[in-house]
Amino acid sequence: MATRKATAPAAPAPTDPLDALAQGDPREVITMLLWKNRHHNPELTELITLEDLEKFTACVDYLKVKPEVMIMRAPGAPAFPGNAAKGLPPQSAGPPRPFVVVSIVERGTQNAIRPVENNEDDHRKATATAQRRAARDSAPGMAAALQAGVQTGTYSTDTMLEAARLLMVLASS
């Protein structure tokens, strides 16, 4: 007669959609990553070439890390028992954060991996992307400075040259 081992009951499926995403099929997470990038990539398609694989391998080899994808629902604040001596009241635990974190980390940790570009072309692309990000971040302040100059009738050559530089950086996108 065959014997059956007792098995633990299966955990109930999460009812919160973010918990379900974080704990479910990684293909659903990939779907969401492509969807979130839809305004920059309306085809919802990403091509991965042999060159991409080689560059990724070179990067993680250089960093001496074993990468893995971490998909995690960010936890809420833990409960705090309070500290009467400091006048801090107890606080109950907060709910999980309203998002799922997806990142490449060092295997077995939550240590994020920051890419290192190992060739001139990729370094140039990374630098240009950083310059565009900085230009976008400073554009509202620059627009306000230009508007103020127009309203007061005073124009700064430095402000005009900086505005032109920002426009050139943004135009290179």
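The values are calculated or read from the model by the stated rules, or taken from the named source; none is laboratory data. What you see is a predicted model; the values in this text were computed from it and never measured. We place every Cβ from the backbone using ideal geometry, glycine too, and count neighbours over all the protein chains shown.
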Response to the item:
In segment 126-173, residues that are under 24 Å from the mean Cα position of the chain (by Cα) and among the β-branched types (Val, Ile, Thr) total 3
Worksheet item: Scanning for something over 30 Å from VAL29 (Cα atoms), in contact with a Phe, Trp or Tyr (Cβ under 8 Å, 6 or more places away or on another chain) and modelled with pLDDT of 90 or more, does segment 152-170 turn up at least one residue?
Response: no
Discussion item. Residues that are within 18 Å of the chain's Cα centre (by Cα), touching a residue at least 60 places away in the same chain (Cβ under 8 Å) and not assigned by TED's automatic domain parsing to the domain that holds ALA126: list the helices (runs of 4 or more DSSP H) wholly contained in segment 1-103 that include at least 1 such residues.
Written reply: 17-23, 26-36
Practice prompt. Give the number of residues within segment 83-127 that are closer than 16 Å to LYS66 by Cα and β-branched (Val, Ile, Thr).
Written response: 5
Fill in: Residues being surrounded by 12 or more Cβ atoms within 10 Å (Cβ to Cβ) and of a type in the set (S, T, N, Q) - total across segment 112-152
3
